[in-house]
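Scroll down for the structure; my scribbles are underneath it.
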Amino acid sequence: AAAIGPHCEIVLHDFRTPEKSIVAIGGQVTKRSVGGSMSQIGLSLLAEGEAAKDQMNYITQLPWGRDVKSTTLILRDNRNKVFGAFCLNLDITEVRSAAAFLSGITGQTAPIQAPATFTDDIREVIDVVLSQELRDQQFDELSAKQRVALFRVLDEKGIFGIRKGITQVAE
């Protein structure tokens, strides 16, 4: 990260401890630290299990408005079991500003994916995922069919694979 510069962050995750998955970090793009949790992206990969694939060159936006281009490489053990990820995050905010200026000439823009929650607390990530899925509705307003669909999506996004994830959703 230091070789690339202050707009770069490299993160090493251990998926076996999702609540404290960050085991090493260089740079401060997402303002996380060692012992911090994974993002929704990591949760999704964890939920995919052995079918998880590298995620290359996706763009997200930090809650404080910075644009980040990221790559997440899956780490596997000698039995081909997923155990973690190596992530590269580049703050491209200034580059995107320049691109916006030039987009009138080139006519090209890169899409931004849904914002990702980068935090040291897995509970915050779970809260954000739950809020996004409820879309300003209250749980008790949902029909039984909508509740089942909500639980299915939360499971697909890896929430129930997190220790105390079920308890937090229930609360």
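Here Ala47 fits the description: out of contact with any strand residue (DSSP E or B) (no Cβ under 7 Å at 6 or more places or on another chain), surrounded by 17 or more Cβ atoms within 10 Å (Cβ to Cβ) and not in a loop (DSSP other than H, G, I, E, B).
Condition check for Thr30 on (1) modelled with pLDDT of 90 or more; (2) more than 18 Å from Ile126 (Cα to Cα); (3) part of a loop (DSSP other than H, G, I, E, B): one failure, at (2).
Can we say Gly42 is modelled with pLDDT under 95, open to solvent by less than 30 Å² (accessible area, probe 1.4 Å), outside any loop (DSSP other than H, G, I, E, B) and not β-branched (Val, Ile, Thr)? So Gly42 passes the test.
Only one entry of Thr60, Thr72 meets the criterion of being at pLDDT 95 or above, of a type in the set (Ser, Thr, Tyr), open to solvent by less than 60 Å² (accessible area, probe 1.4 Å) and under 12 Å from the mean Cα position of the chain (by Cα), and that entry is Thr72. Within segment 77-124, if we keep just the residues that are among the β-branched types (Val, Ile, Thr) and over 16 Å from Val29 (Cα atoms), the residue that is modelled with the lowest pLDDT turns out to be Thr109.
The values are calculated or read from the model by the stated rules, or taken from the named source; none is laboratory data. For clarity, every value in this text was computed on a predicted model and none was experimentally measured. Quick reminder, even Gly has a Cβ in these numbers, built from the backbone with ideal geometry, and neighbours come from all protein chains shown. With ligands, DNA and RNA removed, areas are computed over all heavy atoms of the protein, side chains included. Shrake-Rupley method; radii C 1.70, N 1.55, O 1.52, S 1.80 Å.
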